[in-house]
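> Can you keep this structure in mind? I'll have questions shortly.
Bear in mind that the values in this text are calculations on the coordinates, not laboratory data. Every value quoted in this text rests on a predicted model; they were computed, and no experiment measured them. Positions of Cβ are generated from backbone atoms using ideal geometry, with glycine treated the same way; all protein chains shown enter the neighbour counts.
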Amino acid sequence: MIRQAHVVRPHCFDDYFLNLLKNIYINRNISVEEATRWISSPPTNTYFRVNTLVTTPSDVVSSINEQLLKLKRVKCDEDKPLIKIHKDLDDCIVISPLKQSLLDCNPKNEEIIVDIVTGQSVLRGSHVFAPGVMGMTPDIKIDSTISVYADLAKKCKRGYQKHYDNPLKMYVGNGIMKMDRKQLFGGDMNPKGIAVEVTDSISGIPGFTLPATDGLLQNFPSIVASYALDLNGNDNLKVLDMCAAPGNKTSHIATLMKNQGCIDAVDKSKTKLKKIHKKCEEFGLENVRVHHFDSLILVDVNKRNSSTNKPPFQSESFDRVLLDAPCSNLGQRPLLKIETNENLVKSFHVLQRKLFGNAVELLKPGGILVYSTCTITPEENEQNVAWALEKFAQLELVAINPVAGAPGLPNFGLSDMNCELVQRFGPDNVENDSIGFFIAKFRKK
Ligand code: SAM
């Protein structure tokens with residue numbers, strides 16, 4: 001039985017996605033209804049990864065505690081959500097949801113309608129930002145309490161000004177209005193800022209603010225993926241992050257390396273690279289080199305590049321390689337609507353295998369390669385690992401420390417022993433409930 005702290009309904013999934021869930025989780029004795037409930041609700045806990053170069057996890061715990069104790073509804077210590085340092089990961093803070101009995105989840109008369117992505121973010125504890133607002137009832141005043149609904153039907157036109165009547169309108173919480181109609185829809189096509197300060201998300205996930213320098217909210221398995229690279233205690237490693245933007249893992253890797261050694265962070269999206277620069281600056285990281293480059297052509301096959309600091313790189317030049325691959329992204333939570341394109345989903349493993357070949361080529365013998373995705377399809381996970389083990393005789397799968405996920409799925413090309421070595425995050429990870437994710441760690445012999 002899966003523990004569900006907060007079940008979120010409704011959702012709109014197409015038949016292909018429902019079948020995918022069924023075929024994957026039948027292996028774990030999880031029904032399609034349970035899997036659907038899991039993916040359409042946010043992870044039970046929130047995870048904050050601390051920048052240990054500027055602060056300590058216990059200071060951050062105190063700071064979040066202080067903020068939550070100031071919430072009006074929290075009357076005593078027992079009302080406060082549990083906030084603790086993760087038992088296996090020193091820099092990871094786990095924040096539990098507020099008790100449902102403390103939430104005001106009664107829909108109000110006045111409402112705003114938001115797009116699906118914004119609705120999903122509210123369920124994860126975020127405020128509502130101006131670009132996500134689609135419509136609002138006419139009499140809303142600044143500082144009044146309103147309800148927030150996500151438009152799963154995608155039928156609400158921007159600027160709509162009546163009660164929105166649609167069966168696929170989903171209540172996600174209440175909040176205080178901070179912008180008026182004119183600011184939101186009065187001509188500026190790109191309004192900015194917080195439109196609604198969310199006070200009660202139906203998920204119970206509490207909002208809090210910390211200085212950007214202290215760390216960031218990160219999905220739990222993403223934190224595990226950087227640990228899988230075995231960086232602690234190794235000075236002066238040369239690390240390659242092949243698909244690095246927006247830099248969440250890059251900044252973690254750099255922190256685990258204590259600002260020593262060097263990380264080459266590559267991404268083909270120029271706009272997203274700015275986020276890596278910003279994060280490195282905020283976190284005080286000096287061991288990251290950011291490159292705008294296509295990792296499909298990352299190996300200097302003609303040996304023409306004399307610089308070792310710029311791509312393309314020479315074969316076998318990195319001690320560690322992270323391939324956090326572009327993927328179908330079907331592990332994100334909560335997912336409230338999925339209209340999958342089967343051809344697109346099935347196309348990813350081709351790209352992933354090409355990138356993987358380059359990762360193997362660029363890794364030094366004895367080095368470690370971590371492959372990860374934030375999706376649930378076996379094609380992009382177990383089947384890619386099975387393919388890699390067959391294609392590259394020099395690779396062996398090795399155990400990941402800590403063991404935080406579940407084994408890989410059987411019947412997708414991996415032996416029982418190899419299933420135990422990879423980590424799959426899904427509805428059966430009750431203890432570390434998070435997004436759908438997959439991690440495999442290889443050593444080059
Ligand atoms: N590792 C990142 C983090 O933790 O913040 C997330 C990476 S995201 C899953 C995948 C990234 O791969 C995207 O930023 C995308 O721009 C990038 N990407 C896709 N194809 C690429 C290619 N051929 N070369 C380099 N980057 C690529």
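> Over the Cα atoms, compute the radius of gyration (one decimal) and Dmax (the largest Cα-Cα distance, rounded to a whole number) for segment 87-186, in Å.
Just the Cα atoms of segment 87-186 yield Rg and Dmax of 15.1, 51 Å.
> Ok, one more. Could you order peptides 15-22, 77-84 by the average number of other Cβ atoms within 10 Å of their residues, highest first?
15-22, 77-84
> Provide, for q = 0.21, 0.26, 0.33 Å⁻¹, the log10 of I(q)/I(0) from a solvent-free Debye sum over equal Cα point scatterers in segment 21-67.
So the normalised log intensities are -0.71, -0.94, -1.11.
> Next question. Can you tell me the orientation of helix 57-69 relative to the chain, as the angle in degrees between its alpha-carbon axis and the longest Cα principal axis, to the nearest 10?
The angle comes out at about 10 degrees.
> How many nm is it between the label spots at I194 and K22, if each spot is 7 Å from the Cα in line with the beta carbon?
Between I194 and K22, the label points sit 4.4 nm apart.
> On to the next question. Please give the FRET efficiency for V54 paired with D79, using the beta carbon to beta carbon distance and R0 = 30 Å, rounded to the nearest 0.05.
0.45
> When the convex hull of the C-alpha atoms of the chain is computed, what volume per residue in Å³ does it have?
149
> Continuing with the same structure: Using θ = phi - 60° and the Karplus curve 6.51 cos²θ - 1.76 cosθ + 1.60, what whole-Hz ³J(HN,Hα) does each residue of segment 364-375 get, with Gly and Pro shown as x?
With the stated coefficients, segment 364-375 comes to 5, x, x, x, 10, 10, 10, 10, 9, 9, 9, 9 Hz.
> Nearest 5 percent is fine: what portion of the DSSP beta bridges confined to the chain is antiparallel?
Around 60 percent of the beta bridges assigned by DSSP in the chain are antiparallel ones.
> Please express the shape of segment 132-171 as an equivalent ellipsoid: the semi-axes are the square roots of 5 times the eigenvalues of the C-alpha gyration tensor, given largest first in whole angstrom.
Its equivalent ellipsoid spans semi-axes of 18, 11, 9 Å.
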